[in-house]
Amino acid sequence: MNGFFDVQQPLAWLIGCLALAVATVNAAWLVRQRNRLPVVQTTVLTALTWLVVSLFWLLPPLLAWHAGALSLSLMGVAEIDWVQSLAGGLPLAAAVIGLVLFGWLIYRRTLPQPAAETAGQFDRMGRTGRALLDAVLLGWHWAFYRAAAIGWLAALPDAAISQPVLAHAAGQITAQPLYWGSWLGLACVGLEWALNPFARTELRVPGRQEAALRRIVLALAATAVFIVSRNLWLCLAVQVLIETAITGWFPAPVRAPGSE
């Protein structure tokens, strides 16, 4: 390796973007806590926050690819053997979609039902469109961490470790960079989430905790589908179908404000 700060090194992009995300969200959390800002923000601030987060999900993979640190094939968007990819990935993708939707419908029946529909058609369309776009951007972001980890492992030299057991384990990892790099990328996604106080808070907020848990499940599923298919488009299709179905067709019941 030519140095950690070499822009052509995938590890530099991986750690740099992870550190930037963690530092930014924790700084924003401290500012909000120190100034006792309300959880409910203005529409303009909410939209601005969403735009900044979306740009963070979108731009680093493009910049890393332009710098030569990332391969589009490792991202799963180019050089795809579609026959082999779909043959291996479609059954798993279909199983994931079926299981997640079945589990959601079972859970949805346990939720209190409102006396009347409180959300209009326009509001539902807006939520569905936002969920669909977020699913694509988030899948792109996960693919970036995954591809950077795969690229780093693939470029590692054979480990010179004296302990036979450790040397064997290191050799197995570097011999299968796509498999182990995919799970390492998922571990980075999990670390980014665990160190995000806003994300952790969502697990305690009724109405948001379901979406947060669904993202965790989708991150695991997307990793498994990618390992089998090496196809980001298939992973995105799974995420978009699930989010569209849950947000647009089978949303969680919304109670009227002030109802119990």
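Things to note:
- Whole-Hz ³J(HN,Hα) from phi, Karplus 6.51 cos²θ - 1.76 cosθ + 1.60, for the range 66-72, glycine and proline x: 5, 7, x, 8, 10, 9, 5
- Cβ-Cβ FRET estimate between Leu101 and Arg124, R0 fixed at 25 Å, reported to 0.05: 0.90
- What the phi angles of the range 206-217 give under the Karplus curve with 6.51, -1.76 and 1.60, with θ = phi - 60°, is a coupling list of x, x, 10, 5, 5, 5, 5, 5, 5, 5, 4, 4 Hz, glycine and proline written as x.
- For the range 16-92, the carbon plus sulfur part of the accessible surface works out to 73%, probe radius 1.4 Å.
- Cα point-scatterer Debye curve for the range 62-153, base-10 log of I(q)/I(0) at q = 0.15, 0.18, 0.24 Å⁻¹: -0.88, -1.05, -1.27
- Surface exposure of the range 174-260, expressed per residue as accessible area with a 1.4 Å probe, stands at 49 Å².
- The fraction of Cα-Cα pairs per 10 angstrom bin, counted from 0 for the range 178-260, comes to 15, 39, 32, 11, 3, 0 percent, rounded to whole percents.
- Rounded to 0.05, the FRET efficiency of the Ala87 and Leu59 pair, given R0 = 35 Å and the Cβ-Cβ distance, is 0.55.
- Amide H to amide H distances under 5 Å link Val77 with Leu232, where only residues 5 or more positions off or on other chains count and H is placed in the peptide plane.
The values are calculated or read from the model by the stated rules, or taken from the named source; none is laboratory data. All values reported here derive from a predicted model rather than from experimental measurement. Note: ideal-geometry Cβ built from the backbone for every residue, glycine included; neighbour counts use all protein chains shown. To get the accessible areas, we keep the full protein, side chains included, count just its heavy atoms, and leave off ligands, DNA and RNA. Shrake-Rupley method; radii C 1.70, N 1.55, O 1.52, S 1.80 Å.
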